[in-house]
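Everything below concerns the one structure shown next.
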Amino acid sequence: MRNLVLVLAVAMLTIATAKAKDRVMQGTIVSESSVACGSEAKGKKTAELMCQEYVIRTDTTEYHVRQEKEAHKELLPVNAPVEITISKDKMKFKVNGKGYEMLIVSEAAAPPAAAPTTPK
């Protein structure tokens, strides 16, 4: 009986931890930049491939994400609110009702919010 209770407790903790990873967070696309993400050989010449890299900021963290597939060429609007779900090294998010999946390149603590200035 005691072992059964212990097994059930461990199972409940495991389920709770797994669900916590897939929780939906709110964020904002802060910036977009084009970065080199590989090269492509065309005959004897090599062409540099460019990818869009976005900075998405939540309350506590800034994520740098990059398109995983080159086929995704659509530019996303800056300052747009996003719904984020993170799974391992990938971020799924929705912008204007359309879903995207990108690779997380790096993350850092979000800068502290600027204190409001009062006119003198």
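What follows is calculated from the coordinates using simple rules that are stated; it is not laboratory data. None of these values were measured; they are calculated from a predicted model. Cβ coordinates were reconstructed from backbone atoms using ideal geometry, including for glycine residues, and neighbour counts include every protein chain displayed.
Amide H to amide H distances under 5 Å link residue 80 with 29, where only residues 5 or more positions off or on other chains count and H is placed in the peptide plane. Within the stretch 30-72, the GluC sites (Glu not before Pro) that combine a DSSP coil assignment with at most 12 other C-beta atoms in a 10 angstrom radius are 70. Here the Karplus curve 6.51 cos²θ - 1.76 cosθ + 1.60, taken at θ = phi - 60°, turns the phi angles of the stretch 79-86 into couplings of 6, 7, x, 9, 9, 10, 10, 10 Hz, with x standing for Gly and Pro. Our analysis of the stretch 36-99 gives Rg over Rh at 1.06, with the two radii drawn from alpha carbon positions and Rh computed by the Kirkwood formula.
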